[in-house]
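A.B. asks: Quick one: this structure, given as structure tokens, is what I'll be asking you about.
None of the figures in this text is laboratory data; all of them are computed from the coordinates on show. Computed from a prediction, not measured in an experiment: that's the story for all the values here. In this analysis, Cβ positions are derived from the backbone assuming ideal geometry, glycine residues included, and neighbour counts consider all displayed protein chains.
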Amino acid sequence: MTTGKHVLIAGGSGFVGQALAKQLNTAGYEVTILSRNPNKARALLPFAQVLSWDQLASGLDTPVAAIINLAGASIAGGRWTASKKERLVSSRIQSTQALVSFCQNAAKVPLVFINASAIGFYGDHGNAVITEETQPNSCFSHRLCYDWEQTLTPLKETTDIRLCIARLGVVLASSGGAFGQMALPFKAKVALQNGDGQQWFSWVALQDVLNALQWMLENELACDTYNVTSPEPVRNTEFTKHLANHFETKVTLKVPAKLLQLALGEMADELILASQRVVPDQLVEEGFRFRHVMLDELLAFSDF
């Protein structure tokens, strides 16, 4: 796909979406943002056309060459109550269904559809290396991601759209996203290790996420499910050590697993204590090159 094409980004006012919209705009793409808060999106991304979800059904002024779907409520930030679980599911399924319907009814069908997912798809696998071929273990995170991905099935059955699914790891950037919350105690000179620290942590630099999504957009042979994680995951103990060194933290506190489970319930088990040693086999095999492979190099490179 050449530059100058029209790209629709759903969830474009979020952490990854904002950065992606800016990168694609710089690369010469016409960017349209689909947002539940259009006023916020317009303020953040003045170069883009912004639409509400209600406006999607009435169509767009110019055909869309590509759709990148990043829409979905954040899984972090407190216990997974029944109502929050319902919101996590509905925010993903309903938005994706609307985009699928848009594609099926469009006068000119988009060429490519890229849908976000997450490595939560796989569940906890201990020390085992997780590739795109790994069979998942059942848990709420898996069911959430599985149902989200299955919502795309009609695209495969009724259109010729090139479909890519990006299973994202924990996205790290100097501002925003998960890293901001993770770094708070370290900035206060207290390092926190979660549980016994042996669980694997699959991270990815924001810039590599943006580059991978643009690679899927522009590479006409890309049509698969991709783990978007650094090739070098680390254990929680290593993550803690790297951040402690970076922020010159001298005190390390080990937070017992039971305390995390008491405070956060199921969310602690699946997001903090679960071990996921994910590698991006498919991306690497197809020639994508990561900019940031080692965590310590990322911390040294950027203004974290």
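A.B. asks: Mind checking whether some residue in the stretch 215-228 is among the β-branched types (V, I, T), surrounded by fewer than 19 Cβ atoms within 10 Å (Cβ to Cβ) and closer than 30 Å to A82 by Cβ?
C.D. replies: Checked the stretch 215-228: at least one residue is among the β-branched types (V, I, T), surrounded by fewer than 19 Cβ atoms within 10 Å (Cβ to Cβ) and closer than 30 Å to A82 by Cβ.
A.B. asks: Among the residues of the stretch 149-166, is any touching a Ser or Thr at 6+ places or on another chain (Cβ under 6 Å), closer than 25 Å to S138 by Cα and assigned to a helix (DSSP H, G or I)?
C.D. replies: Yes: one or more hits.
A.B. asks: Can you give me the number of residues within the stretch 200-225 that are β-branched (V, I, T) and more than 12 Å from the chain's Cα centre (by Cα)?
C.D. replies: 1
A.B. asks: Continuing with this model, one more query. Working carefully through the options G59, G126, G72, G77, find the one that is on the phi > 0 side of the Ramachandran plot, outside any helix (DSSP H, G or I) and either hydrophobic (A, V, I, L, M, F, W, C) or surrounded by 16 or more Cβ atoms within 10 Å (Cβ to Cβ) (or both).
C.D. replies: On inspection, the qualifying residue turns out to be G72.
A.B. asks: With respect to K189, is the statement that it is more than 23 Å from A27 (Cα to Cα) and in contact with a Leu (Cβ under 7 Å, 6 or more places away or on another chain) true?
C.D. replies: It is false that K189 is more than 23 Å from A27 (Cα to Cα) and in contact with a Leu (Cβ under 7 Å, 6 or more places away or on another chain).
A.B. asks: Another question, then. Sort out which residues of the stretch 226-251 are among the polar types (S, T, N, Q) and either within 16 Å of the chain's Cα centre (by Cα) or at positive phi (or both), and write them in order of number.
C.D. replies: N227, T229, S230, listed by residue number.
A.B. asks: Which of the residues spanning the stretch 167-214 are touching a Lys or Arg at 6+ places or on another chain (Cβ under 9 Å), among the small types (G, A, S) and either within 19 Å of A263 (Cβ to Cβ) or assigned to a loop (DSSP other than H, G, I, E, B) (or both)?
C.D. replies: Answer for the stretch 167-214, where residues must be touching a Lys or Arg at 6+ places or on another chain (Cβ under 9 Å), among the small types (G, A, S) and either within 19 Å of A263 (Cβ to Cβ) or assigned to a loop (DSSP other than H, G, I, E, B) (or both): A191, G195, G197, S202.
A.B. asks: What is the number of the single condition among (1) surrounded by 16 or more Cβ atoms within 10 Å (Cβ to Cβ); (2) touching a helix residue (DSSP H, G or I) at 6+ places or on another chain (Cβ under 9 Å) that T237 does not meet?
C.D. replies: (2)
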